[in-house]
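The values are calculated or read from the model by the stated rules, or taken from the named source; none is laboratory data. Quick caveat: nothing in here was measured; it's all calculated off a predicted structure. As a convention, Cβ positions derive from the backbone with ideal geometry for all residues, glycine included, and neighbour counts pool all protein chains shown. The protein model used for the area step is the full one, side chains on, heavy atoms only, and it has no ligands, DNA or RNA in it. Shrake-Rupley method; radii C 1.70, N 1.55, O 1.52, S 1.80 Å.
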Amino acid sequence: MANNLAWLDEAWQKVNDKVKRTSKKIGPNFPHASLNGSYQLEAPSWWTAGFWPGLLWLVYRETKDESFREIAEQCEEKLDRVITDYYKLDHDMGFMWTLTSVARYKLLGEEDSKRRGLLVANLLMGRFNAKGNYIRAWNPWFEGDDNSGLAIIDCLMNLPLLFWATEITGDPRYSIVAKKHGETVLEHFIRKDGSVHHIIRFDPETGERVEAIGGQGFASESAWSRGAAWAVYGLSLLYKHTNEEKYLQATKNVSHFFIANLPEDDVPHWDFRLPENITKHRDSSAGAIAACGLLLLADQVSSTEAGIYKEAGTKILKSLYENYGAWENEQEDGLILEGTSHYPEGKNIDVPLIYGDYYFVEGLATLKGNRELFW
Ligand code: GLY
């Protein structure tokens, strides 16, 4: 049962053992998806760069194992050249530096990490479109590409960097921008039934909404489960940082949709609204992300309501541990199997994903009682 947490210590031990081994192989690099058992490395500018060092910080926080700290710090230092190469940076700098510089600053008070975090928060501010009240997602992917009007649901997870910058500097501009983007999400991304759009295109000159785009989901009106998970956690964090009721209602709405659409083993398919002829691969990463959001939501509501969210988040994590964990397989770098990164592009389907691993470990740490979030 979800409230019997005997499995938790066992799961945490297995994470520790496995990360101790894989950290020697992966080192200060930037894994994304594990193919045939080996984590494939990405350039440090790729949006997933923060998850491996972030995972190491989570384990370091409990174990104080210096080898994890050293690797996480080396990763952070490697990211410096991404800052100077700034044209490659997109809105996901929030993910990248929250789990490296902000994490290190929160854990160890390192001044240089504070400086990096604030520098990047300023770069993120520069992506705000004041007419449409959204943070622009990406840079052109190819010559002639104009995506200056695109905003995506995932960006909710980039906002905590801005709230942190306001907390550190006392300057409200950062949180004002985060809240403006949050209001745009409520108005344009969340459907009445609690499902979400992945991408919305705005006219960057007038700020008018142009269209919804399917993105990594099956279609513009389907329900990409990782997008839903970003919304569960991102809106829960928005409520934590603002205390504004509208975000509490919104995170409950998307959480209810997410929970109601989980299959029997509590680990979501990659899209909740798929036609019969499309394979319903799992996306374990969506489960791990949503579990963290549900546990945070449980902490922010009355004890009568908390049980629903705590139980749902715990059941997801327990199922990931029992049914999707790659614990005994020494030939597999990943912790959690069956993530799906980008089905429409046929990329990384049914494989471990570093963000699935990260959020799984964050969820376990939260269940163990460590509620201090990097976000
Ligand atoms: N932020 C991109 C993704 O969730 O795949």
Limited to the stretch 33-58, what total is found for residues that are under 13 Å from the mean Cα position of the chain (by Cα) and open to solvent by less than 10 Å² (accessible area, probe 1.4 Å)?
-> 7
In the stretch 245-259, the residues that are in contact (Cβ under 8 Å) with a residue 40 or more places away in the chain, farther than 29 Å from SER34 by Cβ and open to solvent by 30 Å² or more (accessible area, probe 1.4 Å) = LYS246, ASN253, HIS256
Is it the case that the stretch 113-129 has a residue that's closer than 22 Å to SER236 by Cβ and either of a type in the set (Ser, Thr, Tyr) or within 16 Å of the ligand (Cβ to nearest atom) (or both)?
-> yes
Restricting the stretch 76-110 to residues that are among the acidic types (Asp, Glu) and open to solvent by 20 Å² or more (accessible area, probe 1.4 Å), the residue that is farthest from VAL177 (Cα to Cα) = GLU77
Just wondering, is there one or more residues in the stretch 351-371 that are at pLDDT 95 or above and over 19 Å from LEU58 (Cα atoms)?
-> yes
Among residues of the stretch 335-366, those that are open to solvent by 10 Å² or more (accessible area, probe 1.4 Å) and not polar (S, T, N, Q), counted = 11
State whether one or more residues within the stretch 206-222 are within 16 Å of the ligand (Cβ to nearest atom) and at positive phi.
-> yes
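Residue-by-condition table, conditions (1) over 19 Å from GLY293 (Cα atoms); (2) among the aromatic types (Phe, Trp, Tyr); (3) open to solvent by less than 50 Å² (accessible area, probe 1.4 Å); (4) outside any strand (DSSP E or B):
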| site | (1), (2), (3), (4) |
| --- | --- |
| VAL185 | no, no, yes, yes |
| GLY194 | no, no, yes, yes |
| VAL210 | yes, no, no, no |
| GLY215 | yes, no, yes, yes |
| SER220 | yes, no, yes, yes |
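When the residues of the stretch 119-144 are narrowed to those that are among the aliphatic types (A, V, I, L, M) and open to solvent by 30 Å² or more (accessible area, probe 1.4 Å), which ends up farthest from the chain's Cα centre (by Cα)?
ALA130
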Considering only residues that are aromatic (Phe, Trp, Tyr) and assigned to a loop (DSSP other than H, G, I, E, B), look in the stretch 313-357 and name the one that is nearest to the ligand (Cβ to nearest atom).
-> TYR343
Looking at (1) basic (Lys, Arg); (2) open to solvent by less than 10 Å² (accessible area, probe 1.4 Å); (3) over 25 Å from MET96 (Cβ atoms), which is the one condition that is false for ARG226?
-> (3)
Considering the stretch 149-173 alone, what residues qualify as being more than 16 Å from the ligand (Cβ to nearest atom) and over 13 Å from ALA130 (Cα atoms)?
-> LEU162, PHE163, TRP164, ALA165, THR166, GLU167, ILE168, THR169, GLY170, ASP171, PRO172
Residue pairs qualifying under the 6 Å Cβ cut-off, at least six apart or on distinct chains, with the first in the stretch 176-195 being over 20 Å from GLU208 (Cβ atoms) and the second being assigned to a loop (DSSP other than H, G, I, E, B), are SER195/ALA223
Helices (runs of 4 or more DSSP H) lying entirely in the stretch 13-112 (those with 3 or more residues that are more than 30 Å from GLN331 (Cβ to Cβ)) | 80-84, 93-97, 103-108
For the stretch 275-299, how many residues meet the condition of being buried (at least 16 other Cβ atoms within 10 Å of the Cβ) and part of a helix (DSSP H, G or I)?
-> 15
Residue pairs meeting the criteria (Cβ under 6 Å; at least 6 apart or on separate chains; first away from the ligand (no atom under 16 Å from the Cβ), in the stretch 227-244; second small (Gly, Ala, Ser) and open to solvent by less than 10 Å² (accessible area, probe 1.4 Å)) | SER236/GLY293; LEU238/GLY182
Please specify each residue of the stretch 170-194 satisfying the condition of being more than 19 Å from GLU205 (Cα to Cα) and touching a Leu at 6+ places or on another chain (Cβ under 7 Å).
-> TYR174, SER175, ALA178, GLY182
Inter-residue pairs, beta-carbon under 6 Å, first farther than 24 Å from LEU5 by Cβ and in the stretch 317-345, second open to solvent by 60 Å² or more (accessible area, probe 1.4 Å) and in a strand (DSSP E or B), 6+ apart = SER341/LYS347
